[in-house]
Amino acid sequence: MRIGFFDSGVGGLTVLNKAIEMLPNEDFIYYADTKNIPYGTKPKEEVKKNIFEAVEFLVEKGIKALVVACNTATSVAINELREKYDFPVLGMEPAVKVAVENNGRKRILVVATPLTLKEDKYQSLVTKVDHNNLVDELGLPRLVEFAEGFIFDEKIISDYLYEALDGYDISSYSTVVLGCTHFPFYKNVFEKVFGNHTNIIDGNAGTVNHLRNVLREKELLSSDGTGNVEFYSSGSSTEGFTRYLEFLRDKNQ
């Protein structure tokens, strides 16, 4: 049985890439709901309907666990998905807790989609851990569009970030939390915009580590997989998905 990965588009590939690296004996199936992207600017109920249709597709293909590799989808549907299905369902959460715990009393900026930032799940997380009011938020929906269009020109991305950050004191942030799985594609640009004094983090490795622990607990870890991935999409072709994985691997070499 394979591990299912789901995202609105290619952002979840950043999580899948980490899973292939950390779980080399597993096989995977990845579904992108590209027909309905973007999620982050749409009404909650519309997004929820799309999510359940996508997950049903994966269930019919046969999966032993599901990673909702999308912060927005996690925010709006993770509890209901866990109630409906009896296999492990893991979601994404902006790494705010990690940032606060390792940050001292310096400011933190969480960047994500507008829907993720306004959802109760995210607001509750910040309320729970941000006792010193150090966390600021910024919605960056166009980064999703750029990633989906395979736009990685550093000037285009940095110009967008500087425009979005107008009014923010960039030098005041010691940590930036990438709260959308599309955003790690641009980690190098964030590093250049914010400088060496700022730590850029995401929740991908933590999610995959949690996945490994859950599979081990439930005796679902595989020993005979090869890291094979089967791709599906509700909209456009999946032919370019391996190109995204190659791009990620080249960046990390």
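Data for the structure
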{"read-out": "Residue order, fewest to most surrounding Cβ atoms within 10 angstrom, among H131, H197", "value": "H131, H197"}
{"read-out": "Helix-only CD estimate at 222 nm, as mean residue ellipticity for the chain, using -39500 (n - 2.57) per DSSP H run (n ≥ 4)", "value": "-13500 deg cm²/dmol"}
{"read-out": "Angstrom value of the Kirkwood radius, inverse mean 1/r, which spans all Cα pairs in region 4-113", "value": "14.9 Å"}
{"read-out": "Residues I200, I108, sorted so that the one with the fewest Cβ neighbours within 10 Å comes first", "value": "I200, I108"}
{"read-out": "19 Å Cα cut-off, lysine pairs counted over region 96-201 (separation 8 or more, or different chains)", "value": "8"}
{"read-out": "Sequence-separation-based contact order of the chain, relative, with Cα cut under 8 Å and 6+ spacing, percent", "value": "30 percent"}
{"read-out": "Fewest-first ranking of T175, T198, T181, T127, using other Cβ atoms within 10 Å as the exposure measure", "value": "T127, T198, T175, T181"}
{"read-out": "Sequence-distant lysines (8 or more away, or on other chains) whose Cα lies within less than 17 Å of K35", "value": "K44, K48, K49"}
{"read-out": "Rounded tilt (10° steps) of 241-252 against the dominant C-alpha axis of the chain", "value": "50 degrees"}
{"read-out": "Listed peptides 85-94, 68-77 by packing density, highest first (mean Cβ within 10 Å)", "value": "68-77, 85-94"}
{"read-out": "Descending Cα extents along the principal axes, region 96-201, whole Å", "value": "38, 29, 23"}
{"read-out": "Cα long-axis angle, helix 120-129 against the chain (0 to 90 degrees, to the nearest 10)", "value": "60 degrees"}
{"read-out": "C-alpha long axis of helix 44-61 to longest principal axis of the chain, angle in °", "value": "40 degrees"}
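Each reported figure results from applying straightforward, stated rules to the coordinates on display, with no laboratory input. Quick caveat: nothing in here was measured; it's all calculated off a predicted structure. FYI the Cβ positions are ideal-geometry reconstructions off the backbone, even for glycines, and counts take in every protein chain you see.
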